[in-house]
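What follows is a set of notes on a single structure, which appears directly below.
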Amino acid sequence: MPHVVDTLEDIKVPGPPEEPLQRFQKMLRKLYEQLARIVNGQISFGDSLNSISDNIAGTWVSTTTPAVANTDFTVVHNLGRLPSGWIVAMQDKAASVYLGATLATTTDLTLRCSVASVAVRLFIF
């Protein structure tokens, strides 16, 4: 089984410490460590209290579904692109939120809900 290097400290470049290869190795190590810190526990949807997410491309939207079940309602996402989907993060009743009859745009998403008057918090991405 080959040895997998998990840190660039294991790789030594020959020569004095201030040579370009040594400086390049230090720069790569710092970059690698920063990337590891970001990926290991720093990816976040945000606090959901604002419409802006931390570092996942998407937006938070709070709304209440129509008073009649299975009726189209539109939420504004302003992603500047067509959304890939949504996650229902919170809701105050048991229900399903599903795609409405109108196609999504770069600013709006049309959905439906199987139950009337449900308060929902969506993450649209």
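Side notes on the structure shown:
- Enumerated strands (runs of 3 or more DSSP E) restricted to segment 1-110, each holding at least 1 residues that are modelled with pLDDT under 95: 59-64, 86-91
- Cross-chain or 6+ apart pairs with Cβ under 6 Å, segment 113-125 first and crowded, with 22+ Cβ neighbours inside 10 Å, then in a loop (DSSP other than H, G, I, E, B) and aliphatic (A, V, I, L, M): C113/A95
The values are calculated or read from the model by the stated rules, or taken from the named source; none is laboratory data. Predicted model only: the values in this text are computed from it and were never measured. Quick reminder, even Gly has a Cβ in these numbers, built from the backbone with ideal geometry, and neighbours come from all protein chains shown.
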